[in-house]
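The values are calculated or read from the model by the stated rules, or taken from the named source; none is laboratory data. These figures come from a predicted structure and were not determined experimentally. Counting neighbours? That spans all protein chains shown, and the Cβs are built from the backbone with ideal geometry, glycine included.
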Amino acid sequence: MISIAVASRLREDRPGYLTAMHASLTLQSAPWEALITLDGASPGRLPAPLAKDPRIRTLAPPRPVGAACARNLALTHVRTPCTNWADDDDVLPAGSLEVRYQRITETGLRRALQRLRPRSPYLAA
């Protein structure tokens, strides 16, 4: 299983991006869980598909802490041997987590990187 650590301030323009990122996670063949740190945002603003998904856990610090601190906070709650960072506007190609997990476990790599799709459907051209 792979944990995905995401930090989001959930500003007004972000829920669509986060929903697209979640949709790309549902296409993964590897089992995953996501830890989403809501950096200064209320958990009530989480888009419904994410709020209903039991693989999503949210962390809500009492005040904004910044992206780096928010990601580090997520790391303290990881329950899996592998962790992947993702931004709230990333879209992971189908099967990419499986490829990363296989490379890490088969070769003993400490890190596996893969290029994400160049644009989320919610990004302006």
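Table: residues versus (1) more than 12 Å from the chain's Cα centre (by Cα); (2) modelled with pLDDT of 90 or more.
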{"residue": "His22", "(1), (2)": "no, yes"}
{"residue": "Thr37", "(1), (2)": "no, yes"}
{"residue": "Leu50", "(1), (2)": "no, yes"}
{"residue": "Leu59", "(1), (2)": "yes, yes"}
{"residue": "Ala74", "(1), (2)": "no, yes"}
{"residue": "Glu98", "(1), (2)": "yes, yes"}
{"residue": "Arg103", "(1), (2)": "yes, no"}
{"residue": "Leu109", "(1), (2)": "yes, no"}
{"residue": "Leu123", "(1), (2)": "yes, no"}
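Looking at Ala60, Ala51, Ala34, Ala67, just one residue is in contact with a helix residue (DSSP H, G or I) (Cβ under 6 Å, 6 or more places away or on another chain) and surrounded by 12 or more Cβ atoms within 10 Å (Cβ to Cβ), and that residue is Ala60. Being farther than 12 Å from Ala7 by Cβ and either touching an Asp or Glu at 6+ places or on another chain (Cβ under 8 Å) or modelled with pLDDT under 90 (or both) is a property that Arg45 lacks.
When we screen Ser29, Ser3 for residues that are surrounded by 13 or more Cβ atoms within 10 Å (Cβ to Cβ), under 30 Å from Gly108 (Cα atoms) and in contact (Cβ under 8 Å) with a residue 60 or more places away in the chain, the only hit is Ser3. Please specify each residue of the range 1-17 satisfying the condition of being among the aliphatic types (A, V, I, L, M) and in a strand (DSSP E or B). Ile2, Ile4, Ala5, Val6, Ala7 - these are the residues of the range 1-17 that are among the aliphatic types (A, V, I, L, M) and in a strand (DSSP E or B).
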